[in-house]
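Colleague: My questions all concern the structure below.
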Amino acid sequence: MAWIYLLIAAVFETAWTYSVKYLNFGNFKQLSWVNFYKVDVGLFIMAPLIGYIIFGVANVYFFSLAIKQLSTATAFAVWTAATLALLKLTEVIWLNQAISWREVFFMMLIMVGILGLKYYSVAPR
C-alpha cells in the first residue's frame, strides 16, 4: 500500500508544481470584494493559490503515509523520480511540448532505478 501512497503523492506533487508555475502574486492586486468570486477575474487568480494549498497538503499527507512503511531514502528517491516522469508526461500530453530520445532514455534509467529500489530495498521493521 505504501507504493500506492507514494504514487498518489507524486501525482499531487505534479499538480502542486503546476500550481506554483501558474501562481502570479501580481494579479492579486486586481482582486476586490466585488470581483473575487467572478469566473473571469477571481477564478483565474485564486485557482492556482487554492491548488497550491490543497495539492501541497495532500502531497505531504500521502508522502507521510508512504514513509511510515518504507525507508525514507527509498521513498524520497521513488517519489522524486515518479514526479519527474509525471511532469514530463504532463508537458508532452497537455502542453504539447516535444520530447527527445535522450529524455526517454534517461527517464528509462530513472524507472530502472525505481524498480531496483522497489524490489531490492528492505522495509524497516
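The values are calculated or read from the model by the stated rules, or taken from the named source; none is laboratory data. Just so we're clear, the structure is a prediction, and the values are computed from it rather than from any experiment. All Cβ positions, glycine included, derive from the backbone under ideal geometry; neighbour counts span all protein chains shown.
Colleague: In the stretch 61-105, how many residues are over 12 Å from the mean Cα position of the chain (by Cα), under 19 Å from Thr17 (Cβ atoms) and aromatic (Phe, Trp, Tyr)?
Modeller: Within the stretch 61-105, residues that are over 12 Å from the mean Cα position of the chain (by Cα), under 19 Å from Thr17 (Cβ atoms) and aromatic (Phe, Trp, Tyr) number 3.
Colleague: Could you tell me whether any residue of the stretch 26-46 is modelled with pLDDT under 85, within 30 Å of Leu115 (Cα to Cα) and not in a loop (DSSP other than H, G, I, E, B)?
Modeller: Within the stretch 26-46 (the criterion being modelled with pLDDT under 85, within 30 Å of Leu115 (Cα to Cα) and not in a loop (DSSP other than H, G, I, E, B)), the answer is no, since none of the residues qualifies.
Colleague: Looking only at the stretch 54-84, count how many residues are within 17 Å of Val112 (Cβ to Cβ) and free of Cβ contacts under 8 Å to residues at least 40 places away in the same chain.
Modeller: Counting residues in the stretch 54-84 that are within 17 Å of Val112 (Cβ to Cβ) and free of Cβ contacts under 8 Å to residues at least 40 places away in the same chain gives 3.
Colleague: I'd like to verify a number: residues in the stretch 106-125 that are in contact (Cβ under 8 Å) with a residue 12 or more places away in the chain and under 22 Å from Thr17 (Cα atoms), how many?
Modeller: Residues in the stretch 106-125 being in contact (Cβ under 8 Å) with a residue 12 or more places away in the chain and under 22 Å from Thr17 (Cα atoms): 4 in total.
Colleague: In the set Ile54, Ile110, Ile99, Ile114, which member is closer than 13 Å to Val11 by Cα and either in a helix (DSSP H, G or I) or at pLDDT below 90 (or both)?
Modeller: Ile54
Colleague: What are the residues in the stretch 66-76 that are crowded, with 18+ Cβ neighbours inside 10 Å and in a helix (DSSP H, G or I), if any?
Modeller: Ala66, Ile67, Thr74, Ala75
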